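Worksheet: the structure to be examined is printed underneath.
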Amino acid sequence: TVTPNYRARTLVSVVKGGAGSGTVTSTAISCGADCSEAIFDGKSVILTATPAVGSQFVGFGGACISSTKTCTFVPAGDSQNVSATFALIPYTLTVVSRSNGNVALSAADPVDCGNSATDCTSTLDYGTVVSMQATPNAGSRFVSWAGAICTGGAAANPCVFALKANTTVTPTFR
């Protein structure tokens, strides 16, 4: 007679959260698609977080707590949940001030730069669509932008683009 030897398993589930994105993997879990797996009790699990482009990993929580991209724990019990939080990377948009015109950006962190206005930087999340409006002073005219790839070209006003890195933009007025 053969007696089966059953080993206890724990259902380990990874729940991703935050405004960013990424994957969490181990030898048994590939959380992009499959975020749950039954793991033998007593077997060490190493989770690895990989942020997507434009995202950063914030940390693990729940059954496995870590602020690094790897987290090791030994599951036990019926089920255990692990949270993995990803955030969008914040980038700085800097406008070079000009005395013969003004640049305005309406956003969560607005810009009002030029003439006597001195708010020339904005911190925005990766992928934020930026729309900057250049307004020349009387006797001047807007010519172009340098430092940003505007939808519609360098002379487009407003200049619209997706922020994907720290960017310095210079308006040219004549």
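The values are calculated or read from the model by the stated rules, or taken from the named source; none is laboratory data. Source: prediction; values computed, not measured. When we count neighbours, we look across all protein chains shown, and the Cβ atoms used for this are built from the backbone with ideal geometry, even at glycine. Each accessible area value is taken on the protein alone, full model and side chains, heavy atoms only, with ligands, DNA and RNA left out. Shrake-Rupley method; radii C 1.70, N 1.55, O 1.52, S 1.80 Å.
Go through the range 72-84 and give me each residue that's outside any loop (DSSP other than H, G, I, E, B) and either open to solvent by 40 Å² or more (accessible area, probe 1.4 Å) or within 30 Å of Asn166 (Cβ to Cβ) (or both). Selection gives Thr72, Ser79, Gln80, Asn81, Ser83, Ala84. So, Ile39, is that one among the hydrophobic types (A, V, I, L, M, F, W, C) and loosely packed, with under 13 Cβ neighbours inside 10 Å or not? The answer is no for Ile39.
Residues are listed down the side, and each one gets a yes or a no for (1) loosely packed, with under 14 Cβ neighbours inside 10 Å; (2) without any contact (Cβ under 8 Å) to a residue 12 or more places away in the chain; (3) under 30 Å from Tyr6 (Cβ atoms); (4) more than 16 Å from the chain's Cα centre (by Cα):
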position	(1), (2), (3), (4)
Ala33	yes, yes, yes, yes
Ser44	yes, no, yes, yes
Leu47	no, no, yes, yes
Phe57	no, no, no, no
Phe86	no, no, no, no
Ser97	no, no, no, yes
Asp112	no, yes, no, yes
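For the range 122-146, filtered to residues that are surrounded by fewer than 19 Cβ atoms within 10 Å (Cβ to Cβ), in contact (Cβ under 8 Å) with a residue 40 or more places away in the chain and closer than 30 Å to Ala19 by Cβ, the residue that is farthest from the chain's Cα centre (by Cα) is Gly127.
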